[in-house]
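Structure first, commentary second.
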Amino acid sequence: MRLSIVLLVILTSVCLAGAQVPAQAPGAAAPAGDAQNGKRIFSSYGCYQCHGYEAHGGPGPRLAPRPIAFAAFSKYLRQPTGEMPPYTGKVVSDKELADIYAFLQSIPQPPPVNSIPLLRN
């Protein structure tokens, strides 16, 4: 039973990894940020509670790897829809937002399914 749950989680993660939108729209550049500081902020502000420590999702959507374009990311954090609270400039500065985004960009892709021995036929 436990192995089945582990396999389901792995397969779901791998399948969803291919459904992410491109990292950046052509011509749009994210501001420079500090990924280490972004990881600290992501954790200290409680983002992990909905998005997981590696931003792979949970009750909230998957944010990484390959986060949405920075402009869309920034707009959604400032004016979210649904259950997420707004993170205005008074709560998260533009610099901190850039750092969080740099952290999301630093998260590597999961391994290909065929590289996981347990999932091979």
Pick from segment 29-52, criterion farther than 18 Å from Pro86 by Cα and assigned to a loop (DSSP other than H, G, I, E, B), ranking: nearest to the chain's Cα centre (by Cα):
Gly52
The one condition Gln36 fails out of (1) at pLDDT below 50; (2) over 16 Å from Gln109 (Cβ atoms) is (1)
Answer yes or no as to whether Ser44 is modelled with pLDDT of 95 or more, on the phi < 0 side of the Ramachandran plot, of a type in the set (Gly, Ala, Ser) and surrounded by fewer than 17 Cβ atoms within 10 Å (Cβ to Cβ).
yes
Which is of a type in the set (Lys, Arg) and free of Cβ contacts under 8 Å to residues at least 12 places away in the same chain, of Arg62, Arg66, Arg78?
Arg78
Within segment 81-121, which residues are over 22 Å from Arg40 (Cβ atoms) and not hydrophobic (A, V, I, L, M, F, W, C)?
Thr81, Gly82, Glu83, Gln109, Pro110, Pro111, Pro112, Asn114, Ser115, Pro117, Arg120, Asn121
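Listed here are the residues, each with its yes/no results for (1) aliphatic (A, V, I, L, M); (2) under 11 Å from the mean Cα position of the chain (by Cα); (3) assigned to a helix (DSSP H, G or I).
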site: Glu54; (1), (2), (3): no, yes, no
site: Pro61; (1), (2), (3): no, yes, no
site: Ile68; (1), (2), (3): yes, yes, no
site: Ala71; (1), (2), (3): yes, no, yes
site: Gly89; (1), (2), (3): no, no, no
site: Leu97; (1), (2), (3): yes, no, yes
site: Ala102; (1), (2), (3): yes, yes, yes
site: Gln105; (1), (2), (3): no, yes, yes
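The values are calculated or read from the model by the stated rules, or taken from the named source; none is laboratory data. Note that this is a predicted model, so its numbers are computed, not measured. Counting neighbours? That spans all protein chains shown, and the Cβs are built from the backbone with ideal geometry, glycine included.
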